[in-house]
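Have a look at the structure below, then the notes.
The values are calculated or read from the model by the stated rules, or taken from the named source; none is laboratory data. Please read all numbers here as calculations on a predicted model, not as lab measurements. All Cβ positions, even for glycine, are placed from backbone atoms using ideal geometry, and neighbour counts span all protein chains on display. Note: areas computed on protein heavy atoms with side chains; ligands, DNA, RNA excluded. Shrake-Rupley method; radii C 1.70, N 1.55, O 1.52, S 1.80 Å.
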Amino acid sequence: MSVEATVQKYYQKVLQRNPGEPEFHQAVHEVLDSLRYVLAKDPFYAEQGLLDRMTEPERQIIFRVPWVDDAGNVQVNRGFRVQFNSALGPYKGGLRFHPSVNLGIIKFLGFEQIFKNSLTGLPIGGGKGGSDFDPKGKSDREIMAFCQSFMTELHRHIGEYRDVPAGDIGVGGREIGFLFGQYRRMANQHESGVLTGKGLTWGGSLVRTEATGYGTVYFTQEMMKEHKERLDGARVVVSGSGNVAVYAIQKAQELGATVVAFSDSSGYVHTPDGVDVALLKEVKEVKRERVSDYARQVDGATFHENGNIWEVECDVALPCATQNELDGESARTLADNGCKYVAEGANMPSTAEAIEVFRKRNIRFAPGKAANAGGVSTSALEMQQNASRDSWSFEYTDKRLQGIMRNIFQNCSNTAAEYGQEGDYIIGANIAGFKKVADAMLAQGII
């Protein structure tokens, strides 16, 4: 059987076994497409049912989450935890609280997490979880009630040597605090390594809040260096205005770039003179307002309701909002406007069509599993500090993060070149991430 036929066979099997999960199908297709080069050179990676095992989670947990709202009404949500692959270490991956959450999205995120965590070089496996609960518009008491109910079920499935969740969309420091408090109560011990993203006074790590956004920019900087260009002086567009976006904006501007646009679900703000990061943090993190409120307070900033942020001219685009936010048409617009680099701060924000446009138009593209690995890398550093009962300085932790992102970039670049696909960081990331996990799985037997 040819390599193409082998890859297609595995993909068709995934489609048949996982109907109605388009995001998961998309993530698997992207990885399998890259593995054609591996199977052609090292066909033994198709043996022992390896690809079947890697695309099937080790465990999928779905549970009911009942809680009482402020009006005294009982509400019921659905909770998920997909423990996808533990060949390299305990499952590691965030919890997402958002109405769009379903099993297929959690599986796509967990599958991506396998390779992302592998690329960090740290001993962590891949998993993901969450709920269709929407924290927006809820009181602190309601969020606490939900988190306590969610953890009452989840606590039996996690642990510092088993599965270590973190935050994601809808799960920040407030939610992690409520979740950890309930875990501590249920487990009857202060097991600080069971969750990451904790508060600094009770086991958290400096830089963790900033890490995903910072790491995306560090990766972008390395990508530009390889092509003899600099971030200093570049015009950057950042979609989103959540945690990842805010700190990507901050780091990009610290390194000399001008961030000319950012967004939320209501539209985007054009900021030709750059972003006042302190004001943006106040608007989004303290007041929890929309980006339009930022625009009203800054001279020269304009809000475009329901506009397409990818129409803003830039040299670098950093999609940091959510999956499939950047489609083929938007990719063509970016190319027409002179964009040269795209790095994903979110998980799979670019559609397959968009990625094909980037390749055809010679836009250098960094996939999320590589470019946004800074968050989980620093989560693993938090686990190290918890295990040693230690606390590192901001400067030391940031230096570790920079080194990890530099190593991820070099690994992606070198692996792409090794398989004859120089400059294709998608192929490099997928193959490098896959081979480390695959070698561990083959060494550990058929389990």
Inset, instruction - Among the residues of region 385-399, count how many are assigned to a helix (DSSP H, G or I) and open to solvent by 70 Å² or more (accessible area, probe 1.4 Å). - result: 4
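Output the helices (runs of 4 or more DSSP H) that fall wholly within region 192-282 and possess 1 or more residues being acidic (Asp, Glu), or say none. Even if it seems obvious, please write down each step before you answer.
Working: elements: 211-226, 243-254, 277-281.
The helices (runs of 4 or more DSSP H) meeting that bar are 211-226, 243-254.
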Inset, instruction - Could you list all residues from region 48-70 that are among the charged types (D, E, K, R), in contact (Cβ under 8 Å) with a residue 60 or more places away in the chain and assigned to a loop (DSSP other than H, G, I, E, B)? - result: Asp69, Asp70
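Where residues in region 429-447 are without any contact (Cβ under 8 Å) to a residue 24 or more places away in the chain and assigned to a helix (DSSP H, G or I), which of them is surrounded by the fewest Cβ atoms within 10 Å (Cβ to Cβ)? Talk me through it step by step, then tell me what you get.
Of all residues in region 429-447, those without any contact (Cβ under 8 Å) to a residue 24 or more places away in the chain come to 439, 443, 445, 447.
Adding the requirement that they be assigned to a helix (DSSP H, G or I) leaves 439, 443.
Details: Asp439: 13, Ala443: 8.
Among residues in region 429-447 that are without any contact (Cβ under 8 Å) to a residue 24 or more places away in the chain and assigned to a helix (DSSP H, G or I), the one surrounded by the fewest Cβ atoms within 10 Å (Cβ to Cβ) is Ala443.
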Inset, instruction - Would you tally the residues in region 407-428 being part of a helix (DSSP H, G or I) and either touching a helix residue (DSSP H, G or I) at 6+ places or on another chain (Cβ under 7 Å) or open to solvent by less than 20 Å² (accessible area, probe 1.4 Å) (or both)? - result: 11
Inset, instruction - Please tell me if Ala346 is within 23 Å of Ser100 (Cβ to Cβ), open to solvent by 20 Å² or more (accessible area, probe 1.4 Å) and of a type in the set (Gly, Ala, Ser). - result: no
Legend entry - Unmet requirement for Gly345, which otherwise passes all of (1) in contact with a Leu (Cβ under 6 Å, 6 or more places away or on another chain); (2) outside any loop (DSSP other than H, G, I, E, B): (2)
Inset, instruction - Filter region 74-112 down to residues that are among the β-branched types (Val, Ile, Thr) and touching a Pro at 6+ places or on another chain (Cβ under 8 Å) and give me whichever is farthest from Gly130 (Cα to Cα). - result: Val74
Inset, instruction - For region 263-283, indicate whether the set of residues that are open to solvent by less than 10 Å² (accessible area, probe 1.4 Å) and more than 15 Å from Ile309 (Cα to Cα) is non-empty. - result: yes
Legend entry - Test: Gly374 is among the small types (Gly, Ala, Ser), open to solvent by less than 70 Å² (accessible area, probe 1.4 Å) and under 26 Å from Lys128 (Cα atoms): yes
Inset, instruction - Count, please, the residues in region 55-99 that happen to be within 24 Å of Pro19 (Cα to Cα), in contact with a Ser or Thr (Cβ under 8 Å, 6 or more places away or on another chain) and open to solvent by 30 Å² or more (accessible area, probe 1.4 Å). - result: 2
Legend entry - Residues of region 256-289 that turn out to be over 23 Å from Leu231 (Cβ atoms) and either aliphatic (A, V, I, L, M) or out of contact with any strand residue (DSSP E or B) (no Cβ under 6 Å at 6 or more places or on another chain) (or both), as a count: 11
